[in-house]
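Here the structure is laid out as structure tokens; the discussion comes afterwards.
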Amino acid sequence: MQNERNRQRGTEMRQDTKNVSPKNWSAKVTRESDALDLEEGVFTWRDPKRIAESLKRSAEASKRRKAPPFRSAMSMLVFYINRAGKNLHEEQRRILEQAKDELRKLYGRQTAKSKRQRR
């Protein structure tokens with residue numbers, strides 16, 4: 001029964017995404033993520049630590065995510081950075097990249113910088 005509901009829900013999501021213009025589908029995913037309820041404008045904030053803390057709160061509060069909280073939060077952040085592509089201002093990209101390291105720190109994971117130093 002649970003699998004049937006998941007299949008139906010997946011079909012509904014795909015149909016909803018089909019109705020969005022190809023240019024705006026990623027904005028819809030960010031806005032209406034089924035896994036995380038993000039704070040308004042979280043990816044436009046200027047403080048990497050605040051962004052990371054917000055993503056952590058959202059991931060840990062969510063009951064709909066399939067992956068562990070760290071992975072869900074990091075996935076949403078990486079998704080946003082990748083989809084923004086060249087339209088993302090260089091300064092904001094730097095802030096979001098720093099937010100990835102802040103998120104790693106909040107979860108007690110190695111930062112990208114510390115991984116490079118170990119090599």
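The values are calculated or read from the model by the stated rules, or taken from the named source; none is laboratory data. Computed from a predicted structure; not experimentally measured. With ideal geometry, Cβ positions are generated from the backbone for all residues, glycine too; neighbour counts draw on all protein chains shown.
Can you tell me which residue within segment 95-104, out of those that are under 17 Å from Trp45 (Cβ atoms) and over 12 Å from the mean Cα position of the chain (by Cα), is surrounded by the fewest Cβ atoms within 10 Å (Cβ to Cβ)?
In this case the residue turns out to be Glu97.
Search segment 42-57 for residues that are within 13 Å of Met76 (Cα to Cα) and pair each with any residue that is among the aromatic types (Phe, Trp, Tyr) and part of a helix (DSSP H, G or I) when their beta-carbon atoms are under 9 Å apart and the residues are at least 6 apart or on different chains.
Cβ pairs passing all conditions: Val42/Tyr80; Phe43/Tyr80; Ile51/Phe43; Lys56/Phe70.
With respect to Glu40, determine if the residue is acidic (Asp, Glu), surrounded by 12 or more Cβ atoms within 10 Å (Cβ to Cβ) and under 15 Å from the mean Cα position of the chain (by Cα).
Taking the combined requirement at face value, the residue does not satisfy it.
Looking only at segment 62-77, count how many residues are under 19 Å from Gly108 (Cβ atoms) and either touching a residue at least 40 places away in the same chain (Cβ under 8 Å) or among the hydrophobic types (A, V, I, L, M, F, W, C) (or both).
So the answer is 5.
For segment 78-94: of the residues being of a type in the set (A, V, I, L, M, F, W, C) and more than 21 Å from Lys105 (Cβ to Cβ), which is nearest to the chain's Cα centre (by Cα)?
Ala84
Quick one: which helices (runs of 4 or more DSSP H) sit completely within segment 1-116 and have at least 1 residues that are at pLDDT below 90 and among the β-branched types (Val, Ile, Thr)?
2-18, 25-31
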